[in-house]
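Q: Before we start, here is the structure in question, set down as structure tokens.
The values are calculated or read from the model by the stated rules, or taken from the named source; none is laboratory data. Computed from a predicted structure; not experimentally measured. Please note: Cβ atoms are built from the backbone with ideal geometry, for glycine as well, and neighbour counts cover all protein chains shown. The area values use the complete protein model at the heavy-atom level, side chains included, leaving out ligands, DNA and RNA. Shrake-Rupley method; radii C 1.70, N 1.55, O 1.52, S 1.80 Å.
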Amino acid sequence: MNLKNYTSEVPASRSIEKIEQMLVDIGARDIHRHYQDGKLVSFKFLIEVNGNTACFKLPAKVNVVRKVLLERYKRTPNKESLAKVERQAERTAWKIVHDWVEIQVSMIHLEQAEVAEVFLPYYYDPQKDKTLWNQISDGSIKLLN
């Protein structure tokens, strides 16, 4: 299995800064960072789409990356190894989000896609505290039956 950026040395903070700047470059405003247990887990941002303000929530699933990285260990990792995996999971998760956003922003700038087109799964409904994809996957919105 090929895992992109699983050995990345780019600090999560640098990937996060670049993501935020790329979002600003395509017109995002009111960018909010959402933290859980002292760690950044997602961005929420507003951007104009067809004359309306739309909210999007873009996560980095560090816990999922951590799980995958730990599955690669042949034996139970010690405390030091667990801490190393945690740091790597954070770097990897945010670098993957960075790379994805960079590609999407390039497509937007090259008029290959529109903002809503690439970020649509991340359209966020604050009333439900769910993204469009969350609502589709839990069956609240029936699109992929």
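Q: Being among the small types (Gly, Ala, Ser), within 16 Å of Pro126 (Cβ to Cβ), under 13 Å from the mean Cα position of the chain (by Cα) and open to solvent by less than 90 Å² (accessible area, probe 1.4 Å) narrows it down to one of Ser42, Ser15, so name that one. Break it down into steps so the answer makes sense when it comes.
A: Values: Ser15 fails: within 16 Å of Pro126 (Cβ to Cβ).
Testing whether each residue is among the small types (Gly, Ala, Ser), within 16 Å of Pro126 (Cβ to Cβ), under 13 Å from the mean Cα position of the chain (by Cα) and open to solvent by less than 90 Å² (accessible area, probe 1.4 Å) leaves just Ser42.
Q: Being under 10 Å from the mean Cα position of the chain (by Cα) and either at positive phi or open to solvent by 40 Å² or more (accessible area, probe 1.4 Å) (or both) is true for just one of Ile96, Ile103. Which residue is that? Don't jump to the end; show me each part of the working.
A: Working: Ile103 fails: under 10 Å from the mean Cα position of the chain (by Cα).
Just a single option satisfies the conditions, and that option is Ile96.
Q: Please determine, by comparing only the residues of the range 108-123 that are of a type outside the set (D, E, K, R) and either open to solvent by 70 Å² or more (accessible area, probe 1.4 Å) or touching a Cys at 6+ places or on another chain (Cβ under 9 Å) (or both), which one is nearest to Glu17 (Cα to Cα). Let's see the steps before the verdict.
A: Within the range 108-123, the subset of a type outside the set (D, E, K, R) is 108-110, 112-113, 115-116, 118-123.
Adding the requirement that they be either open to solvent by 70 Å² or more (accessible area, probe 1.4 Å) or touching a Cys at 6+ places or on another chain (Cβ under 9 Å) (or both) leaves 109-110, 112, 120, 123.
Values: His109: 19, Leu110: 22, Gln112: 25, Leu120: 22, Tyr123: 21 Å.
Checking each candidate, the answer is His109.
Q: Report yes if Tyr35 is part of a loop (DSSP other than H, G, I, E, B), of a type outside the set (D, E, K, R) and open to solvent by 90 Å² or more (accessible area, probe 1.4 Å), otherwise no.
A: Criteria not met by Tyr35.
Q: Identify all residues within the range 48-69 that are surrounded by fewer than 16 Cβ atoms within 10 Å (Cβ to Cβ), more than 14 Å from Ala12 (Cβ to Cβ) and charged (D, E, K, R); write none if there are none.
A: Listed by number, the residues that qualify are Glu48, Lys67.
Q: Are there any helices (runs of 4 or more DSSP H) wholly within the range 44-145 with 2 or more residues that are at pLDDT below 95 and over 19 Å from Asp30 (Cβ atoms), and if so which? Show your work before the answer.
A: Values: elements: 62-71, 79-109, 115-119, 132-137.
Passing ranges, in order: 62-71, 79-109, 132-137.
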